[in-house]
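Note sheet for the following structure.
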Amino acid sequence: MSAAASLAALLVFSATGITLNHASQIEAEPRVVNTTDELPASVLRPLAGEHGEAAPLPPSVAEWFSREMDIHAGGRGAEWSEDEVYVSLPRPGGDAWLAIDRTTGEFEYERTDRGWIAWLNDLHKGRNTGTAWRWFIDIFAVACLLFALTGLWLLQLHARQRGKTWPMVALGLAFPALLIILFMH
C-alpha cells in the first residue's frame, strides 16, 4: 500500500533526481520580466509611516499590487529603509523582487523564470515551496521508508526459498559504500 500511495511522487522525484545530478549539463535560458511604474498617491500614504525592519507591506498596498499588477507580496517580510521598501519574492523555478520608493511611489518589479526543469528541481528540494509542500515531501519520505522496510520484511519471509536474497541485499549496501570510500574525496 505504501508503494501504491507513493508511486506518482516516486516517479517525479526519481526523474528530478536525474535532472539535479545533471543540472550543469541542462541548458536553460532564464526569462526576465521587468516592470516599472508608480503607485497612486492613495496607495503610497501607508508607506510613509514608521515600520519595523522586517514588517510586511501594509495590507492596502499588498492588495493593490495583487489586484492591479498580479504581484503577490502580502504577508512577506520586507526590508524597510528611509527611502525604499524592498520585498524578496523567491518562488520555485525562479525568483522575483519588488522595490518601492517611499517618497515618489515609483516601483520596480523583476521576475525571473528559469523554466519547468528548474521548477521541478525546486519542488524536489522543497525550495521556496511553502509549508504544505514541505509537509507533503516529508510524508512522502516516510511512505518510502515504509515501502523499503516492508520490502525488507518480505525479503525476510521469502529468503529461505531464495538463497541469493541476503547476498544481493549486502551488495546493495556495499556498492554505494565502496563508491563513497573509493571515489569521494
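Readers should treat all values here as calculations from the given coordinates under stated rules, not as data from a laboratory. For clarity, every value in this text was computed on a predicted model and none was experimentally measured. Note that each Cβ is placed from the backbone with ideal geometry, even for glycine, and that neighbours are counted across all protein chains shown.
Tabulated data for the structure shown
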item	result
Fluctuation leader among Pro58, Pro92, Pro167 - the chain, Gaussian network, Cα springs under 10 angstrom	Pro167
Note, ³J(HN,Hα) from phi for segment 133-149, Karplus 6.51, -1.76, 1.60, rounded to Hz, x at Gly and Pro	5, 4, 4, 4, 5, 5, 5, 4, 4, 5, 4, 5, 4, 4, 4, 5, 5
Choice from Leu149, Leu157, Leu47 with maximal GNM fluctuation in the chain (Cα, 10 Å cutoff)	Leu157
Trypsin sites (Lys or Arg not before Pro) restricted to segment 13-101 and DSSP loop, no more than 16 other C-beta within 10 Å	Arg76
Helix-only [θ]222 nm of the chain, DSSP H runs n ≥ 4, -39500 (n - 2.57) each, per residue, nearest 500	-15500 deg cm²/dmol
Inverse mean reciprocal Cα-Cα distance (Kirkwood Rh) of segment 91-185, Å	18.2
Cα pair distances exceeding 14 angstrom across segment 31-114, given as percent	61
Nearest-0.05 FRET efficiency for Lys164 and Arg134, computed from C-beta distance (R0 45 Å)	0.70
Difference of contour (0.36 nm per residue) and Cα-Cα distance, Leu182 to Arg127	16.7 nm
Correct choice for P(r) over Cα pairs in 10 Å bins from 0, in percent that was computed from the model, options (1) 8, 23, 22, 19, 13, 9, 5, 1, 0; (2) 9, 36, 37, 16, 2; (3) 8, 26, 24, 21, 15, 6, 1, 0	(1)
Three-way shape call for segment 85-133 based on the alpha-carbon gyration tensor, with the a/c threshold at 1.5	oblate
The chain, relative contact order in percent, only Cα pairs under 8 angstrom and at least six apart counted	21
